[in-house]
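Novice: Have a look at this one.
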Amino acid sequence: MKVAVLLGAPGAGKGTAAEGVCAATKYLHVATGDMLRDAVKKGTRFGVEAEAWMKRGELVPDSTIVAIVEERLNAGSGSDSYLFDGFPRTRQQAELLEASLGKLGAKVQHVFFLDAPRELLLSRLTGRRICRGCGRNYHVVNIPPKKSGVCDGCGGELYQRADDQEATIARRLDVYNAQTEALIAWYEKRGVLTRVNSARHRDEITGEIVRVLSRS
Ligand code: AMP
């Protein structure tokens, strides 16, 4: 099993990079935020547990996250290569992931830290739009759909995430600074970290990640 992780603040472009990388490789995109939003929409037990935390821009409890990740890893998706986006977010979660992968005889081989200045994160988050049908990411200025409000791929309606409003964005960036930054140092020490300048066009970011993944 191959496992890679995308790290970076909300708005760093993890989702967009993951779409590009997974289209070009056999990696399967595992986005805990998408999985949780889906669980909230469907009203599952995990969704009910997660909703209040998500609305506030706080991290949902580790027990919920680990349960949904293990469920996905055990689901027999047909792929043995996983690209995590939005997980792990804390040092504790990184240790839990290591334990879950250890049970499967696997480990994290690559971690990509997508680095971008705060002003860029803010403009990406406030302009972000997502397709209700297929989940594809857009941006009103940087990645506009051909027809306003409509997905190019599936024709679904584009919407703005409830937590992409200014007050919640500030909270999410603070949570990131307080918790996720420690992970960068942790993975750097383990020799698996690649820093990626994410203040560039998405094709350049995707290309750089694909090149590193295809070397191993
Ligand atoms: P994202 O789509 O990655 O920005 O995640 C949206 C929200 O889902 C976050 O603000 C958290 O409330 C929750 N979430 C997603 N991934 C995690 C995680 N690994 N740990 C805790 N909460 C998470």
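We did not get these values from a lab; they are worked out from the coordinates using the rules stated. Since this is a predicted model, take the numbers as computed values, not measurements. Note that we place each Cβ from the backbone using ideal geometry, even for glycine, and neighbour counts take in every protein chain shown.
Novice: Which percent of the Cα-Cα distances in the chain go past 33 Å? Spell out each step's value before the answer.
Specialist: On the way: 2086 of 23220 pairs.
Considering the chain, 9 percent of its Cα-Cα pairs are separated by more than 33 Å.
Novice: Using a Gaussian network model of the chain with C-alpha springs under 10 Å, which one of 146, 55, 14 is most mobile by mean-square fluctuation?
Specialist: Ranking 146, 55, 14 by mean-square fluctuation puts 146 first.
Novice: Hey, another quick one. Kindly state, to the nearest 0.05, the FRET efficiency for residue 52 paired with residue 195, given R0 = 45 Å and r defined as their beta-carbon distance.
Specialist: Working: r = 34 Å, r/R0 = 0.76.
After rounding to 0.05, the efficiency reads 0.85.
Novice: Gaussian network model of the chain, Cα springs within a sub-10 Å range: biggest mean-square fluctuation belongs to which of 86, 149, 78?
Specialist: 78
Novice: Quick one: 3J(HN,Hα) in Hz for region 35-47, Karplus 6.51/-1.76/1.60 with θ = phi - 60°, rounded, Gly and Pro as x.
Specialist: 5, 5, 4, 5, 5, 5, 4, 7, x, 6, 4, 4, x
Novice: When the chain is treated as a GNM, springs tying every alpha-carbon pair under 10 Å, which of 118, 89, 129 comes out with the largest mean-square fluctuation?
Specialist: 118
Novice: Follow-up. Add +1 for every Lys or Arg and -1 for every Asp or Glu among the other residues with Cβ under 12 Å from the Cβ of residue 150, and state the total. Mind dumping the intermediate values first?
Specialist: Values: positive: 129, 132, 136, 146, 147; negative: 152, 157.
Once all neighbours under 12 Å are counted, the net charge is +3.
Novice: Work from the charge dipole of region 105-216 (Cβ charges, +1 for Lys and Arg, -1 for Asp and Glu, about the Cα centre) and give the residue of 139, 180, 214 farthest towards its positive end.
Specialist: 214
Novice: Convert each backbone phi in region 196-211 into a coupling constant with the Karplus relation 6.51 cos²θ - 1.76 cosθ + 1.60 (shift: θ = phi - 60°), then list the ³J(HN,Hα) values in order as whole Hz, x for Gly and Pro.
Specialist: Coupling constants for region 196-211: 10, 6, 9, 8, 9, 5, 4, 5, 5, 5, 4, x, 5, 5, 4, 4 Hz.
Novice: Then there is this: Grab the other residues whose beta carbon is less than 13 angstrom from that of residue 96, score K and R as +1, D and E as -1, and report the net.
Specialist: On the way: positive: 89, 91, 103; negative: 62, 70, 95, 98.
Summing Lys and Arg as +1 and Asp and Glu as -1 gives -1.
Novice: Helix-only mean residue ellipticity at 222 nm, the chain, DSSP H runs n ≥ 4 weighted -39,500 (n - 2.57), per residue, nearest 500. What is it? Before the final figure, lay out each step's value.
Specialist: On the way: 9 runs with 105 residues, N = 216.
The helix contribution divided over the chain gives -15000 deg cm²/dmol.
Novice: In whole Hz and in residue order, list the ³J(HN,Hα) couplings for region 130-140 that follow from phi through the Karplus curve 6.51 cos²θ - 1.76 cosθ + 1.60, θ = phi - 60°; x for Gly and Pro.
Specialist: 10, 6, 5, x, 10, x, 5, 8, 9, 9, 4
Novice: In 10 Å bins starting at zero, report the fraction of Cα pairs in region 1-94 per bin as a rounded %.
Specialist: Cα pair-distance distribution for region 1-94, in percent: 15, 49, 33, 3.
Novice: When DSSP beta bridges are limited to those with both residues in the chain, what percentage is antiparallel, rounded to the nearest 5?
Specialist: On the way: 8 of 27 bridges.
The antiparallel proportion sits near 30 percent.
Novice: Now a separate question. For region 27-150, with only Lys/Arg (+1) and Asp/Glu (-1) charged at the beta-carbon, what is the dipole magnitude about the Cα centre, in debye rounded to 20? Write down the numbers at each step before the final one.
Specialist: Values: 19 positive and 14 negative charges, 146 e Å.
With only Lys, Arg, Asp and Glu charged at Cβ, the dipole is about 700 debye.
Novice: Choose one of 148, 110, 21: the residue whose Cα lies farthest towards the positive end of the charge dipole of region 1-154 (beta-carbon charges +1 Lys, Arg; -1 Asp, Glu; about the Cα centre).
Specialist: In region 1-154, that residue is 148.
Novice: Taking amide H atoms as placed 1.01 Å from N in the peptide plane, list the residues 5 or more away in sequence, or in a different chain, whose amide H sits under 5 Å from that of residue 7.
Specialist: 112, 113, 114
Novice: So what is the orientation-averaged projected area of region 59-105, using the convex hull of its C-alpha atoms, in nm²?
Specialist: Details: hull surface 13.2 nm².
That works out to 3.3 nm².
Novice: Moving on to the next point. Note down the magnitude of the dipole of the chain about its Cα centre, charges +1 on Lys and Arg C-beta and -1 on Asp and Glu C-beta and zero elsewhere, to the nearest 20 debye.
Specialist: Numbers: 32 positive and 26 negative charges, 63 e Å.
Charge dipole of the chain: 300 debye, to the nearest 20.
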